[in-house]
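A quick write-up on the structure given underneath.
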Amino acid sequence: MPDFLPGAVFSGIATVVFVILMRARAGKPRLPVWKLALAGIAAAYVLPWAVTLLARAWHAAPMLPDLPVVTSDQVFIGVWVALFALGVGHWPGKRPFVPLWAGLLAGVAVAALLPPFLYWTSGSYQRSSIRADINQCMGGKAGQSGLREIVNTCDEPIVVGLCLPGEINPAPCTQTSTLLAGQTGQFDPGTAGLSSLPSNPNGYTLVACRPPARPSRMLSTMGRGHEGVCLPPA
């Protein structure tokens, strides 16, 4: 049996809500709990694997254009906006006010437009814009200060950034280097220690991104300390 991929729980819950909502809109009785549970478990396995395999097949075909990067937060926002639009547009015993295509279109529109809108209003990139990091590709010396050597241990190019105190989203790290597979880059944090809680929340951060994403850093989700993040292309 294949392992659950990231996003499996969300896929299962969203599928159960979608099934309940669609049956209510069609005037059909609600399914038993055990059937909804089976549908959720099946979706938790199938949907993330289907998306992953489809993306791999798409990237393997040289004649197809690159897929647009969609973050997990965008998917989360888009799905729940679509479900909300379909739910509020339904009155029991009456024809649905919001058609299925309109609800899906609303979800896609909000997912696509919300991140640039938040950047425009706030002046910095929010979580919905942040790209996935590939920190697992970084190998090398892990000293707290002095010269740091980073080796790209993956088979793809990576962009590594070391952000010093004072450098923060939306500005990319000043010390940024693109490393090919097996290539080594050198970064100098000076006397700054690695950002950590509670002893050194304003230290340096280190992050690896897939080009053309840009390494930067921002406050952690707890509001204290900093973490390396990957910003979208400028």
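The values are calculated or read from the model by the stated rules, or taken from the named source; none is laboratory data. This is a predicted model, so every value here is computed, not measured. Here Cβ is always computed from backbone atoms with ideal geometry, including for glycine, and neighbour counts include all displayed protein chains.
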| query | Name the pairs: first residue in region 170-198 and more than 11 Å from residue 159 (Cα to Cα), second residue at pLDDT below 90 and outside any loop (DSSP other than H, G, I, E, B), Cβ to Cβ under 6 Å, at least 6 apart or on different chains? | reply | 184/149; 186/149; 187/148; 193/200
| Can we say residue 4 is assigned to a loop (DSSP other than H, G, I, E, B), surrounded by 14 or more Cβ atoms within 10 Å (Cβ to Cβ) and not hydroxyl-bearing (Ser, Thr, Tyr)? | yes
| If you go through region 199-211 one residue at a time, do you hit one that is free of Cβ contacts under 8 Å to residues at least 12 places away in the same chain, at negative phi and not assigned by TED's automatic domain parsing to the domain that holds residue 69? | yes
| task | Taking the options 29, 62, 68, name whichever one is outside any helix (DSSP H, G or I), without any contact (Cβ under 8 Å) to a residue 12 or more places away in the chain, surrounded by fewer than 13 Cβ atoms within 10 Å (Cβ to Cβ) and within 17 Å of the chain's Cα centre (by Cα). | result | 68
| remark: Across (1) over 26 Å from the mean Cα position of the chain (by Cα); (2) not in a loop (DSSP other than H, G, I, E, B), residue 41 clears everything bar (1)
| request: Answer yes or no: is there a residue in region 189-204 that is hydroxyl-bearing (Ser, Thr, Tyr) and within 24 Å of residue 69 (Cβ to Cβ). | output: no
| query | Would it be correct to say that residue 205 is modelled with pLDDT under 95 and surrounded by 17 or more Cβ atoms within 10 Å (Cβ to Cβ)? | reply | yes
| query | Taking into account only those residues within region 71-91 that are closer than 17 Å to residue 17 by Cβ and assigned to a loop (DSSP other than H, G, I, E, B), which is nearest to the chain's Cα centre (by Cα)? | reply | 89
| Can you tell me which residue in region 136-179 is modelled with the lowest pLDDT, limited to those that are among the aliphatic types (A, V, I, L, M) and outside any strand (DSSP E or B)? | 142
